[in-house]
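The structure under discussion appears below in the form of structure tokens.
What follows draws every value from the coordinates through simple rules; no lab data is involved. Keep in mind the model is a prediction, meaning the values are calculated, not measured. Glycine gets a Cβ as well: all are built from the backbone with ideal geometry, and neighbour counts include every protein chain shown.
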Amino acid sequence: MQKIEQGSLNALTGAAKAFESDFAPFDADVMESFQPDAGFLNTLLSTMFHFWTKGVPERIPFGLDYTRITHGAQASIFYYQEGFRSAFVAVKKVSMPIRTSDPEAILSLPYS
């Protein structure tokens with residue numbers, strides 16, 4: 001929350017995950033017994049963007065200093081909605097374990 005307040009991390013970047021089981025410093029979950037409808041994720045992501053993004057017009061600072069590792073690269077998420085996703089992404093040579101035991105980890109990227 002402090003990084004989001006300071007503007008060094010935006011909410012969507014803080015919430016980005018490659019897999020549902022991944023850690024995200026700005027994570028959201030539903031309360032027990034709440035059954036979200038099909039449009040809930042779009043509403044949640046839109047709310048996260050508009051509530052936490054400062055300025056008029058809303059501006060997302062980007063560059064390597066504003067990224068975190070997700071989906072195998074450094075990324076800063078600009079906007080995310082059904083049918084449209086935008087981000088600043090930097091693919092750099094890093095030392096990072098590949099999750100080959102995960103059935104969703106289909107693509108293995110060479111990091112060394």
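Peptides 47-57, 33-43 ordered by packing proxy, namely the average of other Cβ atoms within 10 Å per residue, highest first: 47-57, 33-43. Taking 0.36 nm per residue of separation and subtracting the Cα-Cα distance, full extension of the segment from Leu44 to Asp65 would add 5.0 nm.
Amide H contacts of Thr70: Ala75, each under 5 Å away and 5 or more positions distant or on a separate chain (H built 1.01 Å from N in the peptide plane; Pro and chain starts excluded).
Placing unit charges on each Cβ (+1 for Lys and Arg, -1 for Asp and Glu) gives segment 2-90 a dipole about its Cα centre, and among Pro25, Gly39, Tyr66 the Cα reaching farthest toward its positive end belongs to Tyr66.
Computed from label points 7 Å out along Cα-Cβ, the spacing between Met31 and Lys92 is 4.2 nm. Hydrodynamic radius of segment 1-78 by the Kirkwood approach over all distinct alpha-carbon pairs: 13.4 Å. Shown here are the Rg and Dmax of the Cα trace of segment 8-49, at 11.1, 35 Å.
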